[in-house]
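Heads up, the thing below is written out as structure tokens.
The values are calculated or read from the model by the stated rules, or taken from the named source; none is laboratory data. Just so it is clear, the structure is predicted and the values come from calculations on it, not from any experiment. Counting neighbours? That spans all protein chains shown, and the Cβs are built from the backbone with ideal geometry, glycine included.
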Amino acid sequence: MELNLAAGGKTVSVSDAIFARPFNKDLVHQIVTAYLAGSRAGTKAQKNRAAVSGGGKKPWRQKGTGRARAGTIRSPIWTGGGVTFAATPRDYAQKVNRKMYRAGMSAIVSELLRQDRLAVIEAPALEARSTKGLIKALADQDCEPRGLIVVSEVDDKLGYSANNVVGLDVVAVNALDPVVLVGAEKVLITEEALRALEGWLQ
């Protein structure tokens, strides 16, 4: 498959197995759900009677005091004791094997390409941090400053220049995830990042 650059008339050859994969809605839903589940903290926690400090000694002898039997101050019926059926930190992660994840990512980029939401651009060459300079660099390639710019590595100048543009994000190719790809209105990817993405998804 041949992809045209946004400007200059140059074409880039890419693998059909990655960029022409049929869209699998169920698989894409699974990897998006798994990614979102993996980002949940699951930090709710309480102490059960084993986790409460103290209570190593029997509070009083078994018989003869007139009080109820007690073996430890960590009992749930005591103030300051452990919680019955205490909540524990929960791991929400869902297992998705590597082959499925890469197939799902390939399905997403293929669908972006079919919907004309994926374009290959030249990496913006900025001499300094400049929002105007970034907008001009994109305009020179007939691209609007919106969506997601995918580069091989986010440098200081590009990252800061994109901060003030509403609706424009910059991400390194090794930090791509299914959520940002699915939610991007337009994906502008440099040729170097495209090669890295293709090598990762193979």
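Listed values, structure above:
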{"read-out": "Counted residues, the stretch 92-131 - those being in contact (Cβ under 8 Å) with a residue 24 or more places away in the chain, outside any helix (DSSP H, G or I) and within 14 Å of F19 (Cβ to Cβ)", "value": "4"}
{"read-out": "Criterion: aromatic (F, W, Y) and exposed (fewer than 13 other Cβ atoms within 10 Å of the Cβ) - qualifying residue of Y160, Y101, Y92", "value": "Y92"}
{"read-out": "Spans of helices (runs of 4 or more DSSP H) in the stretch 156-202 with at least 1 residues aromatic (F, W, Y) and within 26 Å of S39 (Cβ to Cβ)", "value": "156-163, 191-201"}
{"read-out": "Criterion violated by T33 - all others in (1) in contact with a helix residue (DSSP H, G or I) (Cβ under 9 Å, 6 or more places away or on another chain); (2) surrounded by 12 or more Cβ atoms within 10 Å (Cβ to Cβ) satisfied", "value": "(1)"}
{"read-out": "Neighbours by Cβ (under 9 Å, 6+ apart or cross-chain): first from the stretch 153-173, on the phi > 0 side of the Ramachandran plot; second modelled with pLDDT of 90 or more", "value": "G167/P145; G167/R146; G167/G147; G167/E185"}
{"read-out": "Checklist (1) in a helix (DSSP H, G or I); (2) buried (at least 17 other Cβ atoms within 10 Å of the Cβ); (3) not β-branched (V, I, T) applied to K136, failing item", "value": "(2)"}
{"read-out": "Considering residues of the stretch 15-63 that are in a loop (DSSP other than H, G, I, E, B) and among the hydrophobic types (A, V, I, L, M, F, W, C) only, the residue farthest from V182 (Cα to Cα)", "value": "W60"}
{"read-out": "Odd one out for L188, checked against (1) touching a residue at least 40 places away in the same chain (Cβ under 8 Å); (2) surrounded by fewer than 21 Cβ atoms within 10 Å (Cβ to Cβ)", "value": "(2)"}
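Here's the yes/no breakdown for (1) at pLDDT below 90; (2) in contact with a helix residue (DSSP H, G or I) (Cβ under 9 Å, 6 or more places away or on another chain); (3) surrounded by 14 or more Cβ atoms within 10 Å (Cβ to Cβ); (4) of a type outside the set (V, I, T):
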| residue | (1), (2), (3), (4) |
| --- | --- |
| A6 | yes, yes, yes, yes |
| S15 | yes, yes, yes, yes |
| N48 | no, no, yes, yes |
| K58 | no, no, no, yes |
| K63 | no, no, no, yes |
| R69 | no, no, no, yes |
| I73 | no, no, yes, no |
